[in-house]
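Here's the structure we're looking at; comments come further down.
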Amino acid sequence: MSILLTVGFTHLLALMSPGPDLVLVVRNTLSRSKIDGYFTALGFALGVACHLTLGLLGLKLLIDAFPIALTLLRIGGALYLAYIGLQSWRAGQFQLSAVAANSGGDRLRSLREGLVTNLLNTKAMLFFIGLILNVLTPDVALEVRLAAVLLMVCLTALWFSLVVRFLSIAVVRERFLRWQKALERLLAVLLWLLALKLSGLIG
């Protein structure tokens, strides 16, 4: 139980820290719809499941054997975030209506963006590898490790779903939308900064 509490608390703190996932879920919720926000959150959860599965199967051994793999993932992740940032900048402002706010705009696209963004986040990958090496070690019972994986996947989906729900509150949404163009541009800049950070060009 203490291991699950440690894993859950550590992962929750990581989820609350600003990063590509938070920026993307804000962007998709406001520029598309609430449903798209939920599908983006689901994509993040699937990404976490993939990270943990690969980590438990020995991803660190692969990275140690082929250091170029981590570099390629870092570059790929940076380019993908830069691309999404460019889309956000070009959009200029959110195109929303009372219907669009509650209907799905492009669910599969939002799911894919959430999944790919999470998978290409090398910091998330290293976080999970560190957690596996230091907490979910091979001597921990298999059922506990599986429970920890399920816990982190569920926490990811729950946390970002709460973010989507918060952004869907009428008063909050209206205040965001007063600054439509500026906010879309700000999200684009944040994505570009995160891309530069992920690439290692800035500290």
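The values are calculated or read from the model by the stated rules, or taken from the named source; none is laboratory data. Please read all numbers here as calculations on a predicted model, not as lab measurements. Note: ideal-geometry Cβ built from the backbone for every residue, glycine included; neighbour counts use all protein chains shown. Surface accessibility is based on the protein's heavy atoms, side chains included, excluding ligands, DNA and RNA. Shrake-Rupley method; radii C 1.70, N 1.55, O 1.52, S 1.80 Å.
A crude spin-label estimate for the pair Leu150 and Glu174, with each label 7 Å from Cα along the Cβ direction, gives 4.3 nm. Computed with a 1.4 Å probe over protein heavy atoms only, the accessible area of Leu142 comes to about 100 Å².
Computed over neighbours whose Cβ is under 11 Å from that of Thr40, the net charge equals +2, Lys and Arg +1, Asp and Glu -1.
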